[in-house]
Protein chains: 2
Amino acid sequence: MSEKSYFRKNIDKMSGYVPGKQIAGKNIIKINTNENPYPPSPNVAKALKLFDIEQLRQYPNPRCCELCNIIGDLHNISENCVIAGNGSDDILTMALRSFVGEGEIASCVTPTYSLYSILADIQGATCAEIELNSDFSLPDNILAQIANSKLFLLPRPNAPTGTSFEMNKIKNICEKFKGIVLIDEAYADFANDNCMSLVKEFDNVIVTRTLSKSYSLAGSRFGYAVANENLINGMLKVKDSYNVNTLTQIIAKEALLDQNYFKNNVLKIKETKAYFLSELDKLNFSFLPSLTNFVFVKPPDENGEKMFNFLLENNILTRFFSGNRTNKFVRVSIGTMNDMKNTINILKKY
Amino acid sequence: MSEKSYFRKNIDKMSGYVPGKQIAGKNIIKINTNENPYPPSPNVAKALKLFDIEQLRQYPNPRCCELCNIIGDLHNISENCVIAGNGSDDILTMALRSFVGEGEIASCVTPTYSLYSILADIQGATCAEIELNSDFSLPDNILAQIANSKLFLLPRPNAPTGTSFEMNKIKNICEKFKGIVLIDEAYADFANDNCMSLVKEFDNVIVTRTLSKSYSLAGSRFGYAVANENLINGMLKVKDSYNVNTLTQIIAKEALLDQNYFKNNVLKIKETKAYFLSELDKLNFSFLPSLTNFVFVKPPDENGEKMFNFLLENNILTRFFSGNRTNKFVRVSIGTMNDMKNTINILKKY
């Protein structure tokens with residue numbers, strides 16, 4: 001750069017996060033950002049109908065008290081162990097800003113959610129990316145590899161692979177790692193187990209959740225973290241006072257209180273996924289074992305980019321990740337049964 | 001601290017920002033957080049009625065394209081010179097993270113909005129607080145005092161004083177200061193002029209606005225910044241991808257397009273303020289010249305805390321700021337004419 005820059009060097013050097021495309025169109029099957037194909041709870045619509053916009057002239061509740069209460073009940077933990085975010089990405093940002101200073105080290109696995117290393121870049125920190133085994137499991141020497149880092153960010157299940165990590169290995173990390181372990185459970189509602197209980201067992205564990213996937217509320221931006229009160233109190237200092245707006249607080253409340261509705265949607269998505277996987281199998285496409293609402297699919301020619309482009313030409317939007325391991329795959333979100341039948345029909349011509 | 005802490009030292013040392021109380025109650029006159037006493041545009045209610053919650057299952061537009069377009073038109077500037085925030089506090093956070101590294105210096109005046117120095121604390125940066133003159137104007141040697149800082153944060157009009165700063169002095173700072181000048185125009189809609197044109201004149205100027213005050217949308221969280229494209233592009237790397245949720249994008253659009261409605265509310269608030277000030281005058285309370293929707297009021301005994309508590313005992317919630325100059329005052333937001341008449345009636349007994 002020859003021109004003078006006002007920005008910090010780390011900001012000038014970095015590229016920003018590139019979110020999955022948000023395109024509209026009746027004829028497009030949008031299975032690229034792991035959105036839920038079903039609308040949120042009908043109670044959300046009812047609450048919006050009753051909402052008086054006069055309320056918007058006042059600031060929202062800064063601590064999201066009512067929501068933290070509901071979330072505390074849900075996980076059988078004190079409301080003081082809960083912090084609310086403008087999406088769980090907001091929580092990830094708070095964690096980086098709380099625990100990782102400029103020049104310090106955060107760590108994550110690779111492949112994983114690419115935002116982690118970008119948030120480290122914004123801090124002027126380094127992100128150590130620990131290569132997963134060939135089956136995308138955690139390497140045995142993970143503890144040694146993350147030892148110098150202040151914060152270890154791990155999604156469980158992982159994205160974009162859709163696979164999970166052994167609970168024993170996770171516990172071992174929580175016990176022996178000297179920094180904070182943040183377990184990003186964005187997809188845990190689709191899995192068979194979760195790490196919520198580790199929050200009570202270890203003083204260095206933060207578990208995050210989002211309403212974007214299982215609760216069909218990506219547009220509302222609500223996520224939260226659960227951790228011991230000490231960690232929550234520190235992160236509250238970093239949280240923007242009014243990070244969650246009034247309507248989102250109401251919408252999230254209605255969605256969280258309607259547990260049956262969201263669980264039923266999760267069930268439908270799992271059934272659709274089972275259909276999709278069995279059909280992929282017939283077509284000789286392979287895939288990783290998925291514990292999420294998406295599948296990491298490998299075409300017979302192991303050319304992820306070609307498969308992605310082929311689907312795109314046929315109005316099916318999925319997501320491709322370059323990189324020497326992920327480029328063999330395409331990440332396919334599970335849409336409606338119709339979406340997936342159409343996708344299979346197109347793939348028959350691949 | 002004897003116990004081990006996982007937090008960065010700067011986070012452990014700092015206290016968080018304390019927002020004004022959000023209390024409910026029919027009998028309380030809430031004039032403590034500069035909220036607008038009138039509801040947002042009726043078009044907001046119409047848009048909410050038409051809203052299909054199905055939309056919430058998808059992520060919002062990450063760049064707030066439609067809104068940036070509208071805002072560009074409003075200020076006669078390219079949409080590429082606009083960035084959207086989850087409230088203008090979100091923009092302030094982006095600025096600190098973009099321009100001020102750990103150990104570096106930000107600067108602001110004092111007294112002013114206390115969030116600025118807290119955001120510097122979160123960065124692990126220092127905030128140089130430049131004492132204003134006795135009449136709360138900018139000191140002549142301000143340039144020398146902020147010379148070492150990367151970012152100068154100045155609200156115009158200022159809070160909690162409600163006063164403005166001379167345009168000539170602002171221009172001089174923009175021209176000669178080597179860092180970024182962020183002019184926080186949260187209250188500019190209530191003032192007689194603004195600094196929006198400086199964005200085109202200088203490459204180091206960012207002007208921020210919010211819909212929380214003049215547009216009656218504190219509960220929706222929408223703010224924005226205008227600056228040259230270079231600065232906007234850098235700040236976009238720091239922005240959370242989906243920082244503004246779907247409903248807020250719709251609400252902000254309706255509010256921004258209904259210019260007459262909000263301008264009429266601003267007019268009503270100015271009229272109410274004129275009444276309030278003339279009555280204060282009769283009661284021998286003094287006040288600073290206000291170019292905002294609040295007034296910094298000094299009781300005859302110059303005991304701000306006493307006046308604040310007296311009002312509170314009478315169910316009128318205002319805001320008191322300790323500090324050796326601000327403690328002579330109480331900040332009073334302008335509510336409805338009824339709110340202010342009741343406040344005057346109570347103050348008659350002070």
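The values are calculated or read from the model by the stated rules, or taken from the named source; none is laboratory data. A quick note: this is a predicted structure, and the numbers were derived from the prediction, not measured. Glycine also receives a Cβ, built like all others from the backbone with ideal geometry; neighbour counts cover every protein chain displayed.
Here A:G323 passes the criteria (1) modelled with pLDDT of 95 or more; (2) under 30 Å from A:D193 (Cβ atoms); (3) loosely packed, with under 15 Cβ neighbours inside 10 Å except the one numbered (1). Among the residues of region B:159-177, none qualifies, meaning not one is free of Cβ contacts under 8 Å to residues at least 40 places away in the same chain, assigned to a strand (DSSP E or B), acidic (D, E) and surrounded by fewer than 21 Cβ atoms within 10 Å (Cβ to Cβ).
B:L182 passes every criterion in (1) surrounded by fewer than 24 Cβ atoms within 10 Å (Cβ to Cβ); (2) under 18 Å from B:L96 (Cα atoms) apart from (1).
The residues of region A:235-255 that are polar (S, T, N, Q) and facing another protein chain (nearest Cβ under 8 Å), listed by number, are A:S241, A:N243, A:N245, A:T246, A:T248.
When A:S15 is tested against (1) closer than 28 Å to A:T163 by Cα; (2) crowded, with 17+ Cβ neighbours inside 10 Å; (3) of a type in the set (S, T, Y), exactly one condition is not met: (2).
The residue list A:K46, A:K30, A:K13 contains one member that is of a type in the set (K, R) and farther than 30 Å from A:N265 by Cβ, which is A:K13.
If you go through region A:270-312 and keep only what is more than 24 Å from A:Y113 (Cβ to Cβ) and of a type in the set (K, R), you end up with A:K282, A:K306. Looking across region B:196-225, the residues that are assigned to a strand (DSSP E or B) and out of contact with any Ser or Thr (no Cβ under 8 Å at 6 or more places or on another chain) come down to B:V205, B:I206, B:V207.
The set of residues from region A:33-47 being in contact with a helix residue (DSSP H, G or I) (Cβ under 6 Å, 6 or more places away or on another chain), more than 7 Å from chain B (Cβ to nearest Cβ) and crowded, with 20+ Cβ neighbours inside 10 Å comprises just one member, A:S41. Taken together, the criteria exclude A:P60 from residues that are out of contact with any helix residue (DSSP H, G or I) (no Cβ under 8 Å at 6 or more places or on another chain) and touching a residue at least 12 places away in the same chain (Cβ under 8 Å). Using the structure shown, decide if B:N230 is farther than 20 Å from B:N141 by Cα and assigned to a helix (DSSP H, G or I). Against the criterion (farther than 20 Å from B:N141 by Cα and assigned to a helix (DSSP H, G or I)), B:N230 qualifies.
Could you please find all residues in region B:301-326 being of a type outside the set (S, T, Y) and free of Cβ contacts under 8 Å to residues at least 24 places away in the same chain? Hits for region B:301-326 are B:D301, B:E305, B:K306, B:F308, B:N309, B:L312, B:E313, B:F320, B:N324. Taking the criterion of being over 19 Å from A:F262 (Cα atoms) and in contact with a strand residue (DSSP E or B) (Cβ under 9 Å, 6 or more places away or on another chain), the residues of region A:167-192 that qualify are A:I170, A:I173, A:C174, A:F177, A:G179, A:I180, A:V181, A:L182, A:I183, A:D184.
Scanning region B:112-136 for residues being in contact with a Phe, Trp or Tyr (Cβ under 7 Å, 6 or more places away or on another chain) and either among the charged types (D, E, K, R) or not in a strand (DSSP E or B) (or both) gives a total of 3.
Rundown of residues vs (1) touching a strand residue (DSSP E or B) at 6+ places or on another chain (Cβ under 7 Å); (2) small (G, A, S); (3) buried (at least 19 other Cβ atoms within 10 Å of the Cβ); (4) modelled with pLDDT under 95, yes/no style:
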residue	(1), (2), (3), (4)
B:A252	no, yes, yes, no
B:L257	no, no, no, no
B:N264	no, no, no, no
B:K268	no, no, no, no
B:L280	yes, no, yes, no
B:N284	no, no, no, no
B:N293	yes, no, yes, no
B:V297	yes, no, yes, no
B:P300	no, no, no, no
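Each row is one residue, and each column tells you yes or no for (1) within 30 Å of A:S333 (Cα to Cα); (2) facing another protein chain (nearest Cβ under 10 Å).
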position	(1), (2)
B:G16	no, yes
B:G25	no, no
B:I31	no, no
B:K49	no, yes
B:E54	yes, yes
B:Y59	yes, yes
B:C64	yes, no
B:G72	no, no
B:S78	no, no
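When the criteria are applied in full, B:R156 fails the requirement of being buried (at least 18 other Cβ atoms within 10 Å of the Cβ) and either within 14 Å of chain A (Cβ to nearest Cβ) or among the hydroxyl-bearing types (S, T, Y) (or both). Of all residues in region A:73-111, those satisfying the criterion of being assigned to a loop (DSSP other than H, G, I, E, B) and under 21 Å from B:V100 (Cα atoms) are A:V100, A:G101, A:E102, A:G103, A:E104. Do the conditions hold for B:I105, that is, is it free of Cβ contacts under 8 Å to residues at least 60 places away in the same chain, out of contact with any Phe, Trp or Tyr (no Cβ under 7 Å at 6 or more places or on another chain) and within 19 Å of B:I183 (Cβ to Cβ)? Taking the combined requirement at face value, the residue satisfies it. Count of region A:216-234 residues, restricted to those that are more than 15 Å from A:M94 (Cα to Cα), of a type outside the set (S, T, N, Q) and more than 9 Å from chain B (Cβ to nearest Cβ), is 1.
Each row is one residue, and each column tells you yes or no for (1) crowded, with 20+ Cβ neighbours inside 10 Å; (2) within 13 Å of another protein chain (Cβ to nearest Cβ).
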{"site": "B:C68", "(1), (2)": "yes, no"}
{"site": "B:G85", "(1), (2)": "yes, yes"}
{"site": "B:A128", "(1), (2)": "no, no"}
{"site": "B:E131", "(1), (2)": "no, no"}
{"site": "B:S149", "(1), (2)": "yes, yes"}
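Checking each residue in region A:1-53 for being assigned to a helix (DSSP H, G or I), charged (D, E, K, R) and closer than 30 Å to B:N43 by Cα picks out A:K46, A:K49.
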